[in-house]
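So the structure is just underneath, and the comments pick up after that.
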There are 2 protein chains.
Amino acid sequence: MRVSELVEESGVPLATIKYYLREGLLPPGTAMTATQAEYGEQHLHRLRVIRALTGAAGLPVQQAKAVLALIDSPDGDLFDALGQAVAALPPYAVRDPHDDYPRARAVIHRLGQVYDPRYAGVAQLEHALMAAEQAGLPISDARIDAYGRHLHAMAEFDLAQMPTSAPLDGAEAGAPASAAIEYAVIGTALYEPVILALRRLAHQDVAAGLLDVD
Amino acid sequence: MRVSELVEESGVPLATIKYYLREGLLPPGTAMTATQAEYGEQHLHRLRVIRALTGAAGLPVQQAKAVLALIDSPDGDLFDALGQAVAALPPYAVRDPHDDYPRARAVIHRLGQVYDPRYAGVAQLEHALMAAEQAGLPISDARIDAYGRHLHAMAEFDLAQMPTSAPLDGAEAGAPASAAIEYAVIGTALYEPVILALRRLAHQDVAAGLLDVD
């Protein structure tokens with residue numbers, strides 16, 4: 001398709017598409033003449049991914065570019081690549097090499113989960129637990145157990161849906177890993193807001209039941 | 001206790017405490033002499049609440065003040081007051097009076113939940129669902145069912161812990177409602193980051209299992 005059709009199909013303005021091309025977020029189309037290029041499904045797909053990263057996840061364009069680079073050329077094994085890609089999304093917990101995250105480690109051990117101590121999620125959990133403690137409302141073991149059980153079940157659902165086939169972009173080596181990383185990043189960016197909204201609405205439903213409002 | 005002890009006990013610097021007193025977030029102590037006031041447990045407690053709102057929830061001071069006003073003087077019945085207080089926390093979904101949130105309503109009906117259509121959580125869910133749709137990854141019914149079931153169970157746990165006794169601040173009329181609203185607001189501000197971190201770590205654990213990393 002021509003760039004005008006790409007604009008129409010994607011809903012992304014021409015100036016924005018040109019900007020993404022210039023910045024290297026969107027790969028160039030196939031040159032047909034000196035002034036015309038042909039775009040395909042992989043460009044439409046990539047535009048949706050960019051939109052998810054810069055829109056829902058709120059990433060600055062340069063940060064989105066870094067995440068796209070991880071999707072295109074996964075670094076290390078899939079486990080590391082998944083961790084790195086998701087760690088590129090906010091919130092950014094400051095990692096302190098002298099902190100061994102005692103609160104987070106205690107919680108993860110309690111839940112009996114496998115984890116990489118360098119993973120950003122560990123620092124993120126430590127900060128969240130510390131904030132609750134400082135507010136005088138430390139998270140109880142009962143709450144950790146309840147949350148942990150349900151979130152693990154949700155994660156099992158998520159991973160069961162992880163694509164293992166090659167992504168639209170082609171069949172180069174590492175393509176299955178690319179699709180998995182893309183799914184993990186996009187799923188984190190797009191589904192976290194859905195989860196928080198659903199949780200607040202679930203509270204309203206439970207409160208209505210307790211208070212007999214209907 | 002004297003203000004110096006309040007500083008020590010709370011860990012909040014004197015200048016910050018004076019600022020909160022001036023802005024009316026912290027009620028004045030009992031005047032003992034022209035230059036000395038006596039502070040109590042309720043001041044310590046209030047400082048923790050302020051810290052949760054301005055720290056973990058990231059609210060500007062004036063917004064935190066508005067939430068504290070809702071805690072102190074609940075408006076309407078408990079169901080409305082809970083909704084209003086939680087809606088004062090980010091993210092702020094823009095509510096459009098001409099939008100009837102078709103995606104959010106469909107999802108809430110699917111889950112069979114009671115809800116107030118004016119509640120900010122509805123607009124929040126609509127935006128999150130629309131972002132996923134625009135990224136070409138609409139949320140499937142299977143995902144809604146899985147997330148909805150587990151988040152409802154977590155909400156039941158949360159509400160079962162909701163305090164029904166009077167808060168530390170005293171026994172004025174409406175005090176039980178104040179404690180409940182405070183719990184809802186603080187719980188939302190402090191527990192949402194814990195939930196997101198636990199979810200990312202649960203993904204890592206499930207991925208490790210799938211990939212046989214250990």
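The values are calculated or read from the model by the stated rules, or taken from the named source; none is laboratory data. Only a predicted model underlies this, so the values are computations on that prediction, with no experimental measurement involved. Cβ placement follows ideal geometry from the backbone for every residue including glycine, while neighbour counts extend to all protein chains displayed. In case anyone asks, the SASA skips ligands and DNA or RNA and just uses the protein heavy atoms, side chains included. Shrake-Rupley method; radii C 1.70, N 1.55, O 1.52, S 1.80 Å.
Just a few scattered comments:
- Applying the set (1) more than 11 Å from chain B (Cβ to nearest Cβ); (2) surrounded by 17 or more Cβ atoms within 10 Å (Cβ to Cβ); (3) modelled with pLDDT under 90 to A:Ala52 leaves exactly one unmet item: (1).
- Test: residue in the stretch A:36-44 that is in contact with a Pro (Cβ under 7 Å, 6 or more places away or on another chain), outside any loop (DSSP other than H, G, I, E, B), over 24 Å from B:Ala207 (Cα atoms) and not β-branched (Val, Ile, Thr): yes
Residues are listed down the side, and each one gets a yes or a no for (1) modelled with pLDDT of 90 or more; (2) at negative phi; (3) within 16 Å of the chain's Cα centre (by Cα):
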| residue | (1), (2), (3) |
| --- | --- |
| B:Pro117 | no, yes, no |
| B:Gln124 | yes, yes, yes |
| B:Gln134 | no, yes, no |
| B:Pro138 | no, yes, no |
| B:Asp158 | yes, yes, yes |
| B:Ala175 | no, yes, no |
| B:Ala179 | no, yes, yes |
| B:Ala184 | no, yes, yes |
| B:Thr188 | no, yes, yes |
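- Flag for A:Gly24 being within 11 Å of chain B (Cβ to nearest Cβ) and at positive phi: no
- On inspection, A:Asp77 does not qualify as under 24 Å from A:Gly24 (Cα atoms), among the charged types (D, E, K, R) and open to solvent by 20 Å² or more (accessible area, probe 1.4 Å).
- Per the conditions (1) in a loop (DSSP other than H, G, I, E, B); (2) at pLDDT below 80, the sole criterion not satisfied by A:Phe79 is (1).
- Taking the criterion of being of a type outside the set (Val, Ile, Thr) and either open to solvent by 20 Å² or more (accessible area, probe 1.4 Å) or in contact with a strand residue (DSSP E or B) (Cβ under 7 Å, 6 or more places away or on another chain) (or both), the residues of the stretch B:193-214 that qualify are B:Pro193, B:Leu196, B:His203, B:Asp205, B:Gly209, B:Leu210, B:Leu211, B:Asp212, B:Asp214.
- Matching residues, the stretch B:55-68, being surrounded by 18 or more Cβ atoms within 10 Å (Cβ to Cβ) and of a type in the set (Gly, Ala, Ser): B:Ala56, B:Ala57, B:Ala64
- Residue check: A:Ile71 meets all listed conditions (1) more than 28 Å from B:Leu210 (Cβ to Cβ); (2) open to solvent by less than 20 Å² (accessible area, probe 1.4 Å); (3) part of a helix (DSSP H, G or I) but one, namely (1).
- In summary, B:Leu89 fulfils each of the numbered conditions (1) more than 23 Å from B:Ala128 (Cβ to Cβ); (2) open to solvent by less than 20 Å² (accessible area, probe 1.4 Å); (3) among the hydrophobic types (A, V, I, L, M, F, W, C) with the single exception of condition (1).
- B:Arg143 being without any contact (Cβ under 8 Å) to a residue 60 or more places away in the chain and not in a loop (DSSP other than H, G, I, E, B): yes
- Number of positions in the stretch B:12-46 that are over 21 Å from B:Val67 (Cα atoms), surrounded by 11 or more Cβ atoms within 10 Å (Cβ to Cβ) and without any contact (Cβ under 8 Å) to a residue 24 or more places away in the chain: 1
- Yes/no for A:Arg95 being in contact (Cβ under 8 Å) with a residue 24 or more places away in the chain, part of a loop (DSSP other than H, G, I, E, B), open to solvent by 80 Å² or more (accessible area, probe 1.4 Å) and within 14 Å of chain B (Cβ to nearest Cβ): yes
- Pair list, Cβ < 7 Å and 6+ apart or interchain, from the stretch A:127-140 residues that are more than 7 Å from chain B (Cβ to nearest Cβ) to residues that are outside any helix (DSSP H, G or I): A:His127/A:Ala93
- Filtering A:Glu133, A:Glu126, A:Glu156 for residues that are open to solvent by less than 40 Å² (accessible area, probe 1.4 Å) and either assigned to a helix (DSSP H, G or I) or under 30 Å from B:Glu9 (Cβ atoms) (or both) leaves a single hit, A:Glu126.
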